[in-house]
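Enquirer: Supplied in structure tokens, the structure appears directly below.
Just so you know, all these numbers are worked out from the coordinates, no wet-lab data involved. In this text, all values refer to a predicted model and were calculated from it rather than measured experimentally. Virtual Cβ from ideal backbone geometry, glycine too; neighbours counted across all protein chains shown.
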Amino acid sequence: NAGVMQNPRHLVRRRGQEARLRCSPMKGHSHVYWYRQLPEEGLKFMVYLQKENIIDESGMPKERFSAEFPKEGPSILRIQQVVRGDSAAYFCASSLGQVDTGELFFGEGSRLTVL
Amino acid sequence: GQQVMQIPQYQHVQEGEDFTTYCNSSTTLSNIQWYKQRPGGHPVFLIQLVKSGEVKKQKRLTFQFGEAKKNSSLHITATQTTDVGTYFCAGRNSGTYKYIFGTGTRLKVLA
């Protein structure tokens, strides 16, 4: 029974390149969250998605960042034209989507380093 | 916007001492969750509180949700070295799905 799978675990990009982070939720989960964590800091909400729908993207920067969760395949967080400030750990979490029992199951994270 | 603060930011205790972290939200919450993140690891769910004034226990851990549903606490009795990590609360407002994480409390336990 695989948990939330994120890849790549580590990604190095040069300024101006694109970063694509993937997240496969737990089996049976149709809701995905993305959070960003800077070293020694808390988790900042970015976006909440259901299959084929973005429900809440209030935490996403207006430019360069986008997220999707297609009908088939993993959720993808895409960062275009990366800058050094994008260096962080990006965590994906999935849930059953039942609000009253909305435990979030986190993946191990993707650590992005921008040179 | 909604803010969730935790105090203290850091806590060092001797093994066997008790530990408490406090969580305060700027808005009334529908429910609150607690997570533990080990150094270099990912957040792991501990518990969820829903009702005003609710108290839940897990072995040496006691969780409380305030009467006004704006604050919460986690108390660990007789800490052990395995308790090391950062403890986060995460609150959700009614009508939304997103969880806003607190600033976290990093616990170090000295053997």
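Enquirer: Taking the stretch A:69-103, which residues are within 27 Å of B:G91 (Cβ to Cβ), more than 13 Å from the chain's Cα centre (by Cα) and not charged (D, E, K, R)?
Expert: Of everything in the stretch A:69-103, those that are within 27 Å of B:G91 (Cβ to Cβ), more than 13 Å from the chain's Cα centre (by Cα) and not charged (D, E, K, R) turn out to be A:G85, A:S95, A:L96, A:G97, A:Q98, A:V99, A:T101, A:G102.
Enquirer: Filter the stretch B:80-111 down to the residues that are small (G, A, S) and in a loop (DSSP other than H, G, I, E, B), then identify the one that is farthest from the other protein chains (Cβ to nearest Cβ).
Expert: Start the filter on the stretch B:80-111 by keeping residues that are small (G, A, S), which leaves B:85, B:90-91, B:94-95, B:102, B:104, B:111.
Remaining after also requiring in a loop (DSSP other than H, G, I, E, B): B:94-95, B:102, B:104, B:111.
Values: B:S94: 9, B:G95: 10, B:G102: 6, B:G104: 5, B:A111: 23 Å.
Step by step, filter the stretch B:80-111, then rank; the result is B:A111.
Enquirer: What is the one condition in (1) outside any strand (DSSP E or B); (2) over 20 Å from B:Y99 (Cα atoms) that A:R22 does not satisfy?
Expert: If we test A:R22 against (1) outside any strand (DSSP E or B); (2) over 20 Å from B:Y99 (Cα atoms), just (1) comes out false.
Enquirer: Okay, next question. Name the pairs: first residue in the stretch B:41-54 and without any contact (Cβ under 8 Å) to a residue 12 or more places away in the chain, second residue surrounded by 14 or more Cβ atoms within 10 Å (Cβ to Cβ) and basic (K, R), Cβ to Cβ under 6 Å, at least 6 apart or on different chains?
Expert: Short answer, once both residue conditions are applied: B:V44/B:K36.
Enquirer: Answer with yes or no whether B:K69 is more than 11 Å from chain A (Cβ to nearest Cβ), crowded, with 19+ Cβ neighbours inside 10 Å, of a type in the set (K, R) and within 29 Å of A:V32 (Cβ to Cβ).
Expert: In short, yes.
Enquirer: Report, by residue number, each residue of the stretch B:21-55 that is surrounded by fewer than 16 Cβ atoms within 10 Å (Cβ to Cβ) and more than 21 Å from B:N93 (Cβ to Cβ).
Expert: B:R38, B:P39, B:G40, B:G41, B:V44, B:V55
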